[in-house]
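**Student:** Mind having a look at this structure? Questions to follow.
Quick note: the coordinates plus some simple rules give every number you see, no bench work behind them. Remember, it's a predicted structure, so these values are computed and weren't measured experimentally. Here the Cβ positions follow ideal geometry from the backbone for every residue, glycine too, while neighbour counts run over all protein chains shown.
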Amino acid sequence: MDFQPDAGLDAFRAEVRAFLRDNLPRELAGKPVGSVRSMRPDLMRWQQILHRQGWGAPYWAKKDGGTGWSVLQRLVFDEECVAAGAPTQDGFAHKLLGPVLNAFASEEQKAAHVPHILSGERLWCQGFSEPGSGSDLASLRTRAEREGDFYVVNGQKIWTSYAHESDWIFLLVRTDAEVKKQAGISFLLVDMKTPGITVRPIRSIDDCHHLNETFFDNVRVPVANRIGAEGDGWTITKFLLNNEHASAAELPLLRRYLMQLRQLAAIQRVGREPLIARPEFALRLARMEAEVSAIAMMVKRVAALEQDHSPAAHALGSMLKVRGTELQQRISSLMVEALGDYGAVAYPEPHHACEGEPMPFQETGRGIANEMFFRRASTIYGGTSEVQRGIIAKMLFQL
Ligand SMILES: Cc1cc2nc3c(=O)[nH]c(=O)nc-3n(C[C@H](O)[C@H](O)[C@H](O)COP(=O)(O)OP(=O)(O)OC[C@H]3O[C@@H](n4cnc5c(N)ncnc54)[C@H](O)[C@@H]3O)c2cc1C
């Protein structure tokens with residue numbers, strides 16, 4: 001692995017930065033989104049802008065309509081977008097479903113969905129987890145029974161992020177209850193407007209609405225919407241969950257947190273001094289900066305392994321997820337601590353913003369408390385830390 005400066009990558013970074021400077025509308029920039037999906041209209045508008053530039057699918061190969069960027073180029077792109085405060089893309093469509101469509105879907109299925117993902121007019125959510133089937137996903141019970149050219153789906157999904165503002169859902173269903181549990185699962189694409197789907201909000205600890213329960217009551221889904229063969233759902237799911245290890249730590253987000261923390265510590269005063277001048281605080285900040293730098297090195301290592309299709313990328317990707325998400329929790333907690341008394345105030349997201357007197361730290365402190373609360377979930381979603389540790393142990397044993 002080469003840690004020397006890469007002139008090609010520096011030129012690419014400059015190109016992305018110039019594009020963002022010239023094309024990111026001011027009113028879209030700087031909303032505190034982190035890895036949480038941006039609001040629907042912002043996300044759709046930004047996706048259209050990226051699509052016009054030919055950058056609509058930064059994670060896909062050229063032959064599939066993507067940019068064909070290397071793993072490191074994608075990381076640079078993500079880093080610059082987060083630093084500029086650009087809206088997110090629809091990660092469910094781009095990072096999870098897109099690679100599945102490109103690898104497993106028929107040409108008709110690709111033609112029906114890929115153009116809408118690229119243009120940003122169709123947003124997706126993920127219907128995997130159920131009450132009682134999270135870490136043990138293969139135990140899922142939502143049934144799909146064949147009736148001619150349709151499946152009739154009955155059951156319940158939970159923690160369905162953004163189901164309330166998605167157009168379609170990719171769904172795991174049980175099509176055969178008689179075989180080994182992994183062998184009886186199929187992968188369906190379902191239009192959220194289909195009769196029989198009910199979405200109920202779950203309000204999370206950050207006092208926002210990202211999550212939902214999603215109920216399926218005799219929902220008729222064309223058999224043509226099944227990806228792969230009946231019973232192939234588990235193979236497709238393993239492929240989907242194994243994608244994008246290098247992004248698991250959310251390095252751009254960690255860097256943004258550090259930048260915000262430094263800004264806060266420069267404004268916040270303890271007596272006559274800025275907080276940053278206090279040795280105890282400066283030491284904690286320096287330790288976190290060192291940890292983020294270590295993660296950045298590890299990200300490069302995983303990216304190199306991914307490029308070589310090495311199985312070690314899986315184990316290191318899980319390590320990155322554990323270390324990165326735990327660090328997100330610690331840095332976001334330190335930010336709230338740095339706000340002092342104002343840390344107790346749940347600074348509203350812009351779309352919840354109240355009229356009236358601006359609060360101290362209105363700009364630098366905005367959204368931090370919500371973010372700190374939301375980050376409690378980062379060691380759960382995408383596979384809990386305990387489950388990741390199990391994967392690491394198993395993989396290292398096999399390597
Ligand atoms: C904010 C958020 C967003 C989410 N978004 C989505 C989404 O969009 N779509 C979707 O389908 N799902 C989503 N999820 C669900 C997420 O994937 C599950 O919460 C996660 O897989 C854990 O499953 P569970 O909640 O059922 O917990 P459980 O699996 O019941 O785990 C409970 C506890 O047991 C531990 N445990 C379980 N198995 C093992 C094991 N083998 N070894 C050691 N410890 C173990 C876990 O680590 C955890 O501490 C989201 C979750 C959150 C919190």
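**Student:** Before anything else, pin down the relative contact order of the chain: Cα pairs under 8 Å, at least 6 apart, normalised by residue count, whole percent.
**Tutor:** Normalised by residue count, the contact order of the chain is 13 percent.
**Student:** Now for a separate question. Pull up all non-local amide H partners of G66: gap of 5 or more, or a different chain, and H-to-H distance under 5 Å with H placed in the peptide plane.
**Tutor:** Residues meeting the amide H criterion: A61.
**Student:** Would you list the membrane-span-like helices of the chain, meaning whole DSSP H runs whose alpha-carbon atoms span at least 15 Å along their axis and whose mean Kyte-Doolittle value is at least 0.0?
**Tutor:** Details: long enough: 7-23 (24 Å, -0.19); 40-53 (20 Å, -1.37); 71-84 (20 Å, 0.76); 107-119 (18 Å, -0.55); 251-267 (24 Å, 0.55); 279-307 (42 Å, 0.42); 312-338 (38 Å, 0.19); 385-398 (20 Å, 0.24).
TM-like helix candidates: 71-84, 251-267, 279-307, 312-338, 385-398.
**Student:** Can you give me the C-alpha center-to-center distance between segment 236-297 and segment 179-203, rounded to a whole angstrom?
**Tutor:** When both Cα centres are located, 37 Å separates them.
**Student:** Could you please report the charge total around S385, scoring K, R as +1 and D, E as -1 over all other residues with beta-carbon less than 11 angstrom from its beta-carbon?
**Tutor:** Numbers: positive: K321, R323, R389; negative: E326, E386.
Computed value for this residue: +1.
**Student:** Sorted by packing (mean other beta-carbon atoms within 10 Å per residue), highest first, where do 377-383, 279-285 land?
**Tutor:** 377-383, 279-285
**Student:** If you don't mind, there's one more thing I want to ask. Over segment 185-341, calculate the relative contact order: mean separation of alpha carbon pairs under 8 Å at least 6 apart, over the residue count, as a percent. Walk me through the intermediate numbers first.
**Tutor:** Details: 158 pairs, mean separation 38.9, N = 157.
Answer for segment 185-341 is 25 percent.
**Student:** For E178 and R45, FRET efficiency with R0 = 45 Å and r from the beta-carbon atoms, rounded to 0.05?
**Tutor:** Here the calculated transfer efficiency is 0.40.
**Student:** Return the sequence-ordered ³J(HN,Hα) values of segment 156-169 in whole Hz as given by the Karplus equation 6.51 cos²θ - 1.76 cosθ + 1.60 applied to θ = phi - 60°, using x for Gly and Pro.
**Tutor:** Here the 3J(HN,Hα) series is 9, 10, 9, 6, 6, 4, 6, 4, 6, 10, 10, 8, 9, 10 Hz.
**Student:** Just subtract the alpha-carbon distance of Q53 and A277 from 0.36 nm times their residue separation and send over the number in nm, one decimal. Don't skip to the answer; put the middle values down first.
**Tutor:** Values: separation 224, 0.36 × 224 = 80.64 nm, distance 4.42 nm.
My answer for the length gained is 76.2 nm.
**Student:** Suppose each label sits 7 Å from its Cα in the direction of the beta carbon; what would the V223-A14 distance come out to in nanometres?
**Tutor:** Between V223 and A14, the label points sit 5.8 nm apart.
**Student:** Can you compute the helix-only [θ] at 222 nm over the chain? Use -39500 (n - 2.57) per DSSP H run of at least 4 residues, normalise by all residues, nearest 500 deg cm²/dmol.
**Tutor:** Taking each H run of at least 4 residues, the total per residue is -14000 deg cm²/dmol.
**Student:** Using Cα-Cα distances under 8 Å and only pairs 6 or more residues apart, what relative contact order does segment 124-231 have, in percent?
**Tutor:** 30 percent
**Student:** Now for a different question. Can you tally the net charge around P222? Count Lys and Arg as +1, Asp and Glu as -1, for every other residue whose Cβ sits under 13 Å from the Cβ of P222.
**Tutor:** Every neighbour counted, the sum reads -1.
**Student:** Using 1/(1 + (r/R0)^6) with R0 = 22 angstrom and r between the beta carbons of A29 and E337, what's the FRET efficiency to the nearest 0.05?
**Tutor:** 0.20
**Student:** Next question. Less than 14 Å Cβ to Cβ from H113, Lys/Arg counted +1 and Asp/Glu -1: what total charge do the surrounding residues give?
**Tutor:** Surrounding charge for H113 is -4.
**Student:** First check a/c for segment 124-231, with a ≥ b ≥ c the square roots of the eigenvalues of its C-alpha gyration tensor; if it is under 1.5, answer rounded, and if not, answer prolate when a/b is larger than b/c or oblate otherwise.
**Tutor:** oblate
**Student:** While we're looking at this one, here's another question. Filter K238/K394; K63/K181; K110/K300; K181/K238 down to the pairs with a C-alpha to C-alpha distance above 25 Å, please.
**Tutor:** Check vs 25 Å cut-off fails for K63/K181; K110/K300.
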